[in-house]
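Worksheet: the structure to be examined is printed underneath.
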C-alpha cells in the first residue's frame, strides 16, 4: 500500500525497498495523538505504510486492560480512513504476554526484504534497554522516537542509543488514553480527542464505565481494512 512520498526523508535503503512503519501500543483506547504521530512519521521518513499492532497481553501493564478484541476493533475503526494505515492481529491472537522482540522477529521472518521502522514515544525510547532482548530489537528494526518539538532527549547520550534512534518531532497534542478513559467514566466530553467511530463504539459496548447504547457502528468493521 503506497502513499504520498515525503520530501526530506533519509533513505538508506536501495530504491524500491518497501519501508514499513510499525505502531505498537495498548490503544486503550486509540486517540488522535496516535493517528497524528503515525501520519507525521510516515511523511517525514517516507514510509510506504504504517501497520498498527495492538498489544494482546502487554507484560508491562499493571492495570486491567480492556479486552484485546475491543481494542483491536477500535483501532480498525480509527485507521480506516487512511489508505496508508493497516491493522495487524499478530499480538492480539498470540497466547501469553506479548513482547516487542517477538513481533519484530515475526515481521522480519515474513518480510525479509522490507525495511522496518518501530515507532514509539520518547519516554519508551529512554526505557528500551529494559525491554526483553533489547539489543535484538534494535537490530531487527530502526527505532523511531516520536517527540514533541523541543523535547529533551539528552538522556539518550548515557544509553549509547543516540546513533541508533531516529527522532521525529510531532505536534504536541495533550491527549492520553488515561485521560480519555477517565473522561468516559466521569461523563465528560471526548469529542475531538478520539475519532467519532471510536466514541460510538465505546458507547455501544459500554466500555470505560459508560452505559451501553444501541449506536449502529458494527457495519463499519467489515470494510476489508483490517489484516489477519
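A short reminder: the numbers here are calculations on the coordinates, not readings from a lab. Nothing here was measured: the structure is a model prediction, and the numbers come from that model. No Cβ is skipped: glycine too gets one built from the backbone with ideal geometry, and neighbour counts run over all protein chains shown.
Report the extension gain between residue 183 and residue 108 in nm, rounded to one decimal, defined as 0.36 nm multiplied by the number of residues separating them, less their alpha carbon distance. Walk me through the numbers on the way to the answer.
Numbers: separation 75, 0.36 × 75 = 27.00 nm, distance 3.88 nm.
My answer for the length gained is 23.1 nm.
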Spacing of the two label points (7 Å from each Cα toward its C-beta) at residue 173 and residue 83, in nm: 2.2 nm
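Averaged over every viewing direction, what's the projected area of the C-alpha convex hull for the stretch 19-173? Give it in nm², one decimal, please.
On the way: hull surface 35.8 nm².
With every direction weighted equally, the projected area is 8.9 nm².
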Sequence of 32, 111, 77 once ranked by neighbouring C-beta atoms within 10 Å, starting from the fewest: 111, 32, 77
Inter-label distance for residue 153 and residue 18, nm, one decimal - labels placed 7 Å from Cα along Cα-to-Cβ: 2.7 nm
Distance (nanometres) between label positions extended 7 Å along Cα→Cβ at residue 196 and residue 166: 3.4 nm
